[in-house]
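Each value in this text was obtained by applying a stated rule to the coordinates, not by laboratory testing. Quick caveat, the model's predicted, so the values are computed rather than measured. Backbone-built Cβ (ideal geometry, glycine too); neighbour counts: all protein chains shown.
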Amino acid sequence: VTAIFKSGVYRNLLREVAATVAVASFIVVWNAYVGGYTDFNGIPHEAVINVGFLPKLTLPLTPFTLASPSLGLLLVFRTNTSYGRWDEARKNWGSNINRTRDLNRMANAYYDSTGVSDEQREDDLKTVALCTWAFVRAMKRHLSPEEEDEAAFKAELYEKLPQRQAEMIIAAAHRPNRALQDLSNSIEDLPMHFMRKNQIHGDLTQFEDNLGSSERLLTSPVPVFYTRHLARFLAVWLLLLPFALYDPMKFTWNSIGLIPATAIISVFLFGIEELATQLEEPFTILPMQAFCDKIYNWCMEISTWSPGDYGRPMKPIKAQHEFFAQVGIESGEAPVAHNVPPPVVVEQTVVAATPPPPPPVTPSYQSSFDQPPPPPSSTNGGLGNYLDQLGP
């Protein structure tokens, strides 16, 4: 009960509830003056202002009963829509938390320490952790009002990042994009196989998706005409409700129960609308600074871990993992991909080409008797055909 007076929701309802309570108080006093009242001893008295053209202020309760379902549906739709926005924003930040831990875990586990000093390894992983934090911190600043977070954002970046990197992020038009680019570069600098780098870059793609989803929530609020219609409907309904509750409250002294009843109903109904209003802008109520601080602590802790530091020595690289080990990087030699079979050389037998056959020889004729017979005539039967067959 004591938390009611500390709630920010109820404190924001002071003006609305005060207006409805003032209307209810005015109705009680007015009706007592023009319709009579009962004193503290239970003795009834006539109206103080006994004028016929000044009636008591009352309304039938039926119109409010008929309008209640419509008002309830509007409040439910408004609350569900706003809660859906808050839930999506919370899931985006929950995904950020999970992906930051996953990214730094893979960077630590996949790091190839062959020929790399412990100091260099620690510096590389620390850079990845700081760039990871810089992205989520820039995202938090991107989604917050400038007057609330700009000074703290700059102070944190100069405190935890190198000065040049902090200046580049602050000067960027889209700071989360710049921080994400720095994170990409830090991953590319790690000594590991490119397939493992591609797997880590998948988390960065998820960061981009979470950022885009959050920007959509920030720039696309619930339509104004919907919220205004609901606010007007609710205000008119609650301001006129005391007129309808006066007669049902006659069992109390001079219908004085109308005032607390109106106050309670107003607090709860206006409170539902206020909850929806606050949930509509989820980035003003989500503890994003706490998220960023936790991400920083967790990522920096992961960067300090090393293989075998839990007391069990690491085993040699297995055959199925040798493909991901790059040898000769420090010596300047070309990387060697192990466990890759050599190319198969197929011997080809050269077959001698067969010469083409000679062209056919056409016989030559030396005399008229050696001439070939003429082709048969196309004329069928008769003397001509017979002479043609005799020849010359």
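Structure notes:
- Chymotrypsin sites (Phe, Trp or Tyr not before Pro) within the range 190-290: DSSP coil, no more than 10 neighbouring Cβ in 10 Å: 251
- Cα-only radius of gyration and Dmax that characterise the range 185-229, units Å: 18.5, 60
- Tail beyond 23 Å, pair distance distribution of the range 1-138 (Cα, percent): 70 percent
- When you restrict to C-alpha pairs under 8 Å that are six or more residues apart and normalise by the size of the range 1-151, the relative contact order lands at 10 percent.
- Three semi-axes describe the equivalent ellipsoid of the range 260-301; taken as square roots of 5 times the Cα gyration tensor eigenvalues and ordered largest first, they are 38, 10, 5 Å.
- Note on residue 158 and residue 113: their simple-model spin labels are 3.7 nm apart, each label 7 Å out from Cα toward Cβ.
- At most 11 other Cβ within 10 Å, DSSP loop - chymotrypsin sites (Phe, Trp or Tyr not before Pro), the range 12-63: 40, 53
- Taken over the C-alpha atoms, the range 140-255 has Rg and Dmax values of 26.4, 85 angstrom.
- Note on the range 1-80: percent of Cα-Cα distances in each 5 Å bin, starting at 0 and stopping at the bin with the largest distance, equals 3, 11, 10, 13, 17, 14, 12, 10, 7, 3, 0.
- A dipole drawn for the range 102-180 from +1 and -1 charges on Cβ atoms has a positive end, and of 135, 177, 158 the residue lying farthest that way is 177.
- Charged side chains reduced to their Cβ positions (Lys and Arg at +1, Asp and Glu at -1) give the range 1-113 a dipole of some 500 debye around its Cα centre.
- Quick note on the range 171-315: its Rg to Rh ratio, both from C-alpha atoms and Rh being the Kirkwood radius, is 1.30.
- For the residue pairs 56/250; 6/294; 6/91; 126/197, alpha carbon separations beyond 22 Å are given by 6/294; 6/91.
- Whole-Hz ³J(HN,Hα) from phi, Karplus 6.51 cos²θ - 1.76 cosθ + 1.60, for the range 57-69, glycine and proline x: 8, 9, 9, x, 7, 4, x, 6, 5, 6, 7, 4, x
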